[in-house]
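A short write-up of the structure that comes next.
The values are calculated or read from the model by the stated rules, or taken from the named source; none is laboratory data. Everything numeric in this text was worked out from a predicted model, so none of it was measured. Using ideal geometry, Cβ is built from the backbone for each residue, glycine included, and neighbour counts are taken over all protein chains shown. Side chains included, ligands, DNA and RNA excluded: accessible areas come from the protein's heavy atoms. Shrake-Rupley method; radii C 1.70, N 1.55, O 1.52, S 1.80 Å.
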Amino acid sequence: MDTVLLLPRLLVPVRPRLQVLEQMAVVLEGERISSVMTRAEAVARYKDAIRIELPEHVLLPGLINMHTHSAMSLLRGYADDLNLQVWLNEHIWPIEKAFLGPQFVHDGAMLAMAEMLRGGTTFFNDLYFYPEVTAAAVVETGMRACIGLPVIDVPTVWAANEIECIDKGLQVSASWKNESLITTSFAPHAPYSVGDTALGRIAEMSEDRDMRVHMHVLESSWEISESLRQYGEPTLERLQRLGLLNERLLAVHMTQLNGTDPESLAKASVNVIHCPESNLKLGNGICPVARLLEHGVNLSLGTDGAASNNNLNLLAESRSAALLAKGFSGDPCVLNAFQALEMLTINAARALGEEHRLGSVEAGKLADLCAVRLDSLQTTPMYDVVSHLVYAASSQQVTHVWVGGRMLLCDSQFQYLDTGDIIDRANHWAERIAIETRAARPREYKVHD
């Protein structure tokens with residue numbers, strides 16, 4: 001087993017907090033970080049090690065995208081500038097009914113993973129149909145993922161009903177249980193689209209199997225009245241009754257919280273996943289980050305799918321999150337740059353129950369890392385590297401990515417992915433969709449006087 005020395009200009013380990021280290025070495029042995037020490041000590045101790053010099057770079061943990069629908073990258077830009085219900089019911093669900101299948105999911109997931117890797121993401125938390133196909137694509141690329149097992153109460157091409165969704169999902173979970181790159185979660189679509197019986201069963205299995213529950217929750221104001229209409233109680237009270245409001249819940253969006261909700265979420269140790277750009281684009285509101293932070297709620301970040309963002313750029317998402325929190329709260333100190341970086345790394349790992357393996361550059365953890373080159377126009381001059389990562393750096397400045405010690409991106413070049421083939425496949429799908437739906441025609445834009 002070769003020993004590898006990573007020798008960056010700067011190291012931001014995330015843990016311990018608030019540290020930026022110079023003249024350091026990160027020692028990799030196999031899939032793990034064996035030690036973090038001074039450069040001089042490492043070079044003297046490991047004379048025969050492979051050295052990777054990163055003279056203009058900052059090294060940090062690999063980024064974790066806590067909510068996306070990877071295969072929906074094939075629908076990037078397909079139905080923009082629409083509210084959530086119109087977007088879903090009149091555009092996304094009909095096009096999925098027409099085209100969704102294993103090949104669609106494979107090709108879309110590959111496109112998404114190439115984009116994510118190029119931006120420093122090493123782990124993503126996915127929610128989409130044909131999860132077995134996405135899992136296989138993850139292993140093909142060498143990334144890491146938590147694969148959601150989708151549950152919804154309407155017929156889809158993947159499953160006819162909630163019962164079949166759960167049964168098929170359990171089969172997927174069992175088939176990938178020995179793959180180190182894959183974990184699985186239960187992924188009910190939303191409280192309004194999954195009934196009490198299915199959610200109650202998911203809550204029981206989540207506890208028995210110690211599996212996360214990944215679900216859209218309170219994404220839009222429509223959900224408030226819909227929960228009262230369908231169930232006679234607010235969404236969070238219903239989830240509490242069903243046994244889902246706990247540390248295993250990954251609650252995505254949460255833009256419609258009332259005055260006492262943050263305290264209740266903190267008390268239950270619920271993990272909130274903030275997707276600011278998707279929420280803004282769909283006009284769904286703003287997650288009250290300042291109030292959640294004040295109560296100690298664990299917050300992480302997701303891009304959502306490329307059909308509603310329209311990118312999978314986590315560095316850009318962290319900038320949007322930080323700026324939005326300041327503007328919404330009126331307090332420029334809310335969600336500082338280091339806190340935003342924690343949302344992309346250690347907070348996400350904690351939400352997944354993976355903080356012992358991921359989320360920081362520490363001895364014993366998996367060597368999931370990325371390096372960002374700093375000597376570009378937009379990151380010059382540099383006074384604070386963490387501020388630059390959140391407020392100034394571009395995903396295109398990510399030059400190196402490792403997952404489990406395996407280098408997947410080197411000097412901005414993929415080591416194993418054929419991006420030409422990935423792009424050709426995506427364009428093939430776009431041509432089919434355009435022909436069959438006339439999506440390529442210019443559409444009429446509504447203009448407000």
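Among the candidates Ala49, Ala44, the residue that is open to solvent by less than 50 Å² (accessible area, probe 1.4 Å) and not aromatic (Phe, Trp, Tyr) is uniquely Ala49.
For the stretch 1-26, name all the residues that are in a strand (DSSP E or B) and β-branched (Val, Ile, Thr).
Within the stretch 1-26, Thr3, Val4, Val26 meet the criteria.
Only one entry of Gly404, Gly420 meets the criterion of being under 30 Å from Ala337 (Cβ atoms), at pLDDT 95 or above and of a type in the set (Gly, Ala, Ser), and that entry is Gly404.
Regarding Gln85, is this residue among the polar types (S, T, N, Q), outside any strand (DSSP E or B) and at pLDDT below 95?
Working: among the polar types (S, T, N, Q): yes; outside any strand (DSSP E or B): yes; at pLDDT below 95: yes.
Answer is yes for this residue.
Looking across the stretch 229-245 at every residue that is in contact (Cβ under 8 Å) with a residue 40 or more places away in the chain and assigned to a loop (DSSP other than H, G, I, E, B), the one that is least open to solvent (accessible area, probe 1.4 Å) is identified as Leu244. Restricting attention to the stretch 260-282, which residues are in contact with a helix residue (DSSP H, G or I) (Cβ under 8 Å, 6 or more places away or on another chain) and open to solvent by 60 Å² or more (accessible area, probe 1.4 Å)? Correct list: Leu280 only. Scanning the stretch 137-158 for residues that are crowded, with 19+ Cβ neighbours inside 10 Å and in contact with a Cys (Cβ under 9 Å, 6 or more places away or on another chain) yields a total of 5. Within the stretch 328-339, if we keep just the residues that are in contact (Cβ under 8 Å) with a residue 12 or more places away in the chain and not acidic (Asp, Glu), the residue that is surrounded by the fewest Cβ atoms within 10 Å (Cβ to Cβ) turns out to be Asn336. Being within 24 Å of the chain's Cα centre (by Cα), aliphatic (A, V, I, L, M) and not in a helix (DSSP H, G or I) is the filter here, so list the residues in the stretch 158-205 that pass it. Within the stretch 158-205, Leu181, Ile182, Ala187, Ala190, Val194 meet the criteria. Annotation: Val14 fulfils all but one of (1) open to solvent by less than 10 Å² (accessible area, probe 1.4 Å); (2) at negative phi; the unmet one is (2). If you go through the stretch 368-389 and keep only what is assigned to a loop (DSSP other than H, G, I, E, B), among the charged types (D, E, K, R) and open to solvent by 20 Å² or more (accessible area, probe 1.4 Å), you end up with Asp375, Asp384.
Residues in the stretch 340-367 that are part of a loop (DSSP other than H, G, I, E, B) and open to solvent by 10 Å² or more (accessible area, probe 1.4 Å): Leu352, Gly353, Glu354, Glu355, His356, Arg357, Glu362, Ala363, Gly364, Lys365.
Considering only the stretch 115-130, I want to know if a residue exists there that is over 21 Å from Ala190 (Cβ atoms), aliphatic (A, V, I, L, M) and outside any helix (DSSP H, G or I). So that I can check it myself, show each step before the final result.
In the first step, residues of the stretch 115-130 are kept if they are over 21 Å from Ala190 (Cβ atoms); the result is 115-123.
Add one more test, that the residue is aliphatic (A, V, I, L, M), and what stays is 116-117.
Still in the running and outside any helix (DSSP H, G or I): none.
Checking the stretch 115-130: not a single residue is over 21 Å from Ala190 (Cβ atoms), aliphatic (A, V, I, L, M) and outside any helix (DSSP H, G or I).
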